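Asks: For reference, the structure I am asking about is given below.
The values are calculated or read from the model by the stated rules, or taken from the named source; none is laboratory data. These numbers were taken from a predicted model, which means no experiment stands behind them. Virtual Cβ from ideal backbone geometry, glycine too; neighbours counted across all protein chains shown. Areas reflect the complete protein model, heavy atoms only, side chains present, ligands, DNA and RNA absent. Shrake-Rupley method; radii C 1.70, N 1.55, O 1.52, S 1.80 Å.
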Amino acid sequence: MTSDNRIGPPNFGSERDMLRAFLDYHRATLAMKCEGLADEELRQRSMPPSTLSLLGLVRHMAEVERAWFRRVFEDNDAPMVWSDKPDFQAAYDASGSTRAEAFLAWETEVEKSRSIEREADSLDLAGYQPRWDEEVSLRMVMVHVLLEYGRHNGHADLLREGLDGTVGA
């Protein structure tokens, strides 16, 4: 990690501003954990038999963004990014992936998610989660995705430390 260019969440603000800022902070954290690494390093797995790698986490979060924003609020039948069926594990196998491919998919989904959130009149916007066959609010989706980033950024901390000893934010 060469630099920390993340913008920290504000100490005060509306619920929506806080959720938006924390999501963007965690998105930036994942990108920062991957900075300065070659494709081969990004693909390095944590430990057998796991396929978990930094690049796998980026791919997985592209799926999470799509499944929780695009599929819930725009197109319930939108295909997953890395599999033909809702299989979040498929994204973890980044053995044939590159930084360019994974980050393009992830950044595309992040921008789509941001667009959906910005265009919503309120956090009470209802969408349909096809995997659950239930309606969910934008508020719930933002909290859920924030929790996903929090968990997986913890994995990214360990993966990065294992690669080159880098620790910290």
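Asks: Using only Cα atoms, find the angle between the long axis of helix 15-34 and the longest principal axis of the chain, and express it within 0 to 90 degrees, rounded to the nearest 10.
Replies: In the chain, helix 15-34 runs at an angle near 20 degrees to the longest axis.
Asks: Under a 1.4 angstrom probe, counting protein chains only, how are 112, 85 ranked by accessible area, largest first?
Replies: Numbers: 112 55, 85 130 Å².
Greatest to least solvent exposure: 85, 112.
Asks: Related question: How big is the accessible area of residue 139 in square angstrom, nearest 10, if you roll a 1.4 angstrom probe over the protein chains?
Replies: It works out to around 70 Å².
Asks: Something else: Given the C-alpha atoms of the chain, compute the convex hull and give its volume per residue in Å³.
Replies: Numbers: hull volume 18.4 nm³, N = 169.
Spread over its residues, the Cα hull of the chain gives 109 Å³ apiece.
Asks: Here is a further query. When only C-alpha pairs under 8 Å and at least 6 residues apart count, what is the relative contact order of the stretch 1-99, in percent?
Replies: This gives 24 percent for the stretch 1-99.
Asks: Residues with amide H under 5 Å of residue 136's amide H, sequence separation 5 or more or different chain, H placed in the peptide plane at 1.01 Å from N; which?
Replies: For residue 136, whose amide H was placed from the backbone, the distant partners under 5 Å are 127, 128, 129.
Asks: Quick check: the angle from helix 138-164's long axis to the longest principal axis of the chain, C-alpha only, nearest 10 degrees?
Replies: The two axes meet at around 0 degrees.
Asks: Could you please state how large a percent of the accessible area of the stretch 66-163 is carbon and sulfur, counting protein chains only and using a 1.4 Å probe? Write out the running numbers ahead of the final one.
Replies: Values: 2410 of 5030 Å².
So the carbon and sulfur contribution to the accessible surface is 48 percent.
Asks: Now, a different point. Convex hull over the alpha-carbon atoms of the stretch 1-101: what's its volume per residue in Å³?
Replies: Working: hull volume 12.2 nm³, N = 101.
Measuring per residue, one finds 121 Å³ for the Cα hull of the stretch 1-101.
Asks: Ranked highest first by average number of other Cβ atoms within 10 Å, how do 4-13, 17-26, 156-165 line up? Walk me through the numbers on the way to the answer.
Replies: Working: 4-13: 10.7, 17-26: 17.5, 156-165: 15.7.
Those peptides, ordered most packed to least, come out 17-26, 156-165, 4-13.
Asks: Continuing with the same structure: Run lengths n ≥ 4 of DSSP H only: what is the helix-derived mean residue ellipticity at 222 nm for the chain, with -39500 (n - 2.57) per run over all residues, to the nearest 500? Provide the component values of the computation, followed by the final result.
Replies: On the way: 5 runs with 85 residues, N = 169.
It lands at -17000 deg cm²/dmol.
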